[in-house]
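Read the structure below first, then the notes.
The values are calculated or read from the model by the stated rules, or taken from the named source; none is laboratory data. Bear in mind that the values here come from a model prediction, so they are computed numbers and not experimental data. Here the Cβ positions follow ideal geometry from the backbone for every residue, glycine too, while neighbour counts run over all protein chains shown.
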Amino acid sequence: MARKEELARIWERTLDYLFNQRPAFERDGAHGYKPGLDTAIALDKLYNEPHRRFRSIHIAGTNGKGSTAHMLASCLQQCGYRVGLFTSPHLIDFRERIRVNGRKISRNFVMKWVSDYQKKNISFIQPSFFELTSAMAFDYFATRNVNVAIIETGLGGRLDSTNIITPEMSIITNIGLEHQQFLGDTIEEITREKAGIIKHGQPVIIGRADGVVREVLESEAKRLYSEIKFAQDVPQVLKVQHEGDMLRLTTKDFGIIDCDLTGDYQAENVNTVLTTLKMLKRLKYRIKEKAIQDGFAHVMEYTGLMGRWMKIDDNPLTICDSAHNPPAIELAMRQLRRERYDKIHMVMGFMADKDVNAMLKMLPANASFYFTQAHNSRAMTVNELQQLAAKQGIKSTTYDSVTDALKAARENAGANDLVYVGGSMYVLAELLTAIGYDDHLESRID
């Protein structure tokens, strides 16, 4: 028991060190943003350039990059590959960010890695939380001899610390206005930043792009002699329908695919992944139709993905979703309108640096609202949120915690009502922590 308690204390100290190296964007917003590759390159050299010891696929985009990364990882795992997966943010456990074949990085590896790094006493590097985490992930993937690692950018692309890799392929899911204070004021500037992950002579898959976004991407690909494919041009997904707890997709080259990520918006991500798999097949990857079907059917089980239009209860029907910016909220609300229920109860909280006004305008007018805030310094306070919503004629009640808000919503909901929880990844994180969902999912992966 004493040994277990000591390990728990070391683990907490390790996490404190990681999160407090320098401010972390996810917690501190603009103060935690640190663009540029110099520190990432220095860290990489410190660990003998581990990113050169495995193949990689790089993913950027405004929405859908997390789902796309997990779908692709699930499929490649079932094709027989040892797959590393680096994503952010985590919902419950820091170790969600770094996985091999769905299994989270071990606490022992994280603790030893941080301890060894501290002993190096290299004060001149001064990495951010994300830079240090990226370096850890690359070292872990090299140590675990992964065949391929799927790497999700943190923010942007060109100056993201993950952009030291030379991937076999880049993927950009879609591009919208976001993080203008870091990436640029216009959609053209933001597109150029995200297009920074395109590498000379390496193919790039674009999920969806139109107008000036498409023009900028085509121009960058041409400049870099990179083959560019737009998944929307020759769709792999031909038909979409819901069958029980699965999204059923009729595809051009992969037969009927059932996907356990059931948000309507996932059809676009599936299309992007299937287009990617076609390209990987050209690059001599072993891509098998049956393995792909199995991979899509068990994305959550095989990779540990949480919080994407996820049903957590049937009575009353309770759904949580990760939509946290206007384009994603618009798609989520479109799907809500398709659901059948007598009344809807919405448990919502937002980050203050998002376009909350725009998202509030998209919410159903006839809903009951239960506003809350995550325990995060970037969160909009419930009082600010209530006042902002009142200006749009939205009446609400406020709660100090996500669990209190959810409890009130469920108590007020009738048997045929629907409870929706969303607005922020951090609201989801506190919900899933409270219900112990990660422990349940980890036991299935193990």
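At a glance:
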item: Residues satisfying the stated conditions in segment 357-414, i.e. charged (D, E, K, R) and in contact with a Phe, Trp or Tyr (Cβ under 9 Å, 6 or more places away or on another chain); result: 378, 395, 404, 407
item: Leading residue by the ranking (nearest to residue 10 (Cα to Cα)) among those in segment 116-139 that are of a type in the set (S, T, N, Q) and in contact (Cβ under 8 Å) with a residue 24 or more places away in the chain; result: 118
item: Residue among 442, 430 that alone is modelled with pLDDT under 90 and not in a loop (DSSP other than H, G, I, E, B); result: 442
item: Helices (runs of 4 or more DSSP H) fully within segment 293-400 counting 3 or more residues that are among the polar types (S, T, N, Q) and in the same structural domain as residue 244 (by TED's automatic domain parsing); result: none
item: Complete set of residues in segment 245-291 that are over 21 Å from the mean Cα position of the chain (by Cα) and either of a type in the set (A, V, I, L, M, F, W, C) or within 19 Å of residue 323 (Cα to Cα) (or both); result: 249, 254, 256, 257, 279, 280, 283, 287, 291
item: Flag if residue 427 is surrounded by 15 or more Cβ atoms within 10 Å (Cβ to Cβ), among the hydrophobic types (A, V, I, L, M, F, W, C) and under 20 Å from residue 307 (Cα atoms); result: yes
item: Failed condition for residue 228, given (1) under 18 Å from residue 299 (Cα atoms); (2) β-branched (Val, Ile, Thr); (3) surrounded by 18 or more Cβ atoms within 10 Å (Cβ to Cβ); result: (1)
item: Number of positions in segment 77-114 that are of a type in the set (Gly, Ala, Ser) and free of Cβ contacts under 8 Å to residues at least 60 places away in the same chain; result: 1
item: Residues (in contact (Cβ under 8 Å) with a residue 12 or more places away in the chain and not β-branched (Val, Ile, Thr)) located in segment 402-415; result: 404, 405, 406, 408, 409, 410, 412, 413, 414, 415
item: Enumeration of residues in segment 366-401 that are without any contact (Cβ under 8 Å) to a residue 12 or more places away in the chain and of a type in the set (D, E, K, R); result: 391
item: Filter result (part of a loop (DSSP other than H, G, I, E, B) and either over 18 Å from residue 337 (Cα atoms) or without any contact (Cβ under 8 Å) to a residue 60 or more places away in the chain (or both)) within segment 236-260; result: 236, 244, 252, 253, 254, 255, 260
item: Scan of segment 341-360 for residues that are touching a residue at least 60 places away in the same chain (Cβ under 8 Å) and farther than 18 Å from residue 430 by Cβ, ordered by number; result: 341, 342, 343, 344, 353, 359
item: Identity of the residue in segment 420-433, of a type in the set (Val, Ile, Thr) and under 20 Å from residue 330 (Cβ atoms), that ends up nearest to the chain's Cα centre (by Cα); result: 427
item: Residue match in segment 129-137 (condition: surrounded by 21 or more Cβ atoms within 10 Å (Cβ to Cβ), β-branched (Val, Ile, Thr) and farther than 30 Å from residue 294 by Cβ); result: yes
item: Residue selected from segment 151-164 under the condition in contact with a strand residue (DSSP E or B) (Cβ under 7 Å, 6 or more places away or on another chain) and within 16 Å of residue 136 (Cβ to Cβ), by the criterion surrounded by the fewest Cβ atoms within 10 Å (Cβ to Cβ); result: 152
item: Qualifying residue in segment 309-331 (condition: surrounded by 15 or more Cβ atoms within 10 Å (Cβ to Cβ) and among the basic types (Lys, Arg)); result: no
item: Scope segment 401-419; condition closer than 23 Å to residue 328 by Cβ and either touching a His at 6+ places or on another chain (Cβ under 8 Å) or outside the structural domain of residue 317 (by TED's automatic domain parsing) (or both); matching residues; result: 409, 418, 419
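Residue by residue, here is whether (1) more than 25 Å from residue 210 (Cα to Cα); (2) in contact with a helix residue (DSSP H, G or I) (Cβ under 8 Å, 6 or more places away or on another chain); (3) not hydroxyl-bearing (Ser, Thr, Tyr) holds:
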{"position": "238", "(1), (2), (3)": "no, no, yes"}
{"position": "241", "(1), (2), (3)": "yes, no, yes"}
{"position": "247", "(1), (2), (3)": "yes, yes, yes"}
{"position": "259", "(1), (2), (3)": "yes, yes, yes"}
{"position": "263", "(1), (2), (3)": "no, yes, yes"}
{"position": "269", "(1), (2), (3)": "no, yes, yes"}
{"position": "279", "(1), (2), (3)": "no, no, yes"}
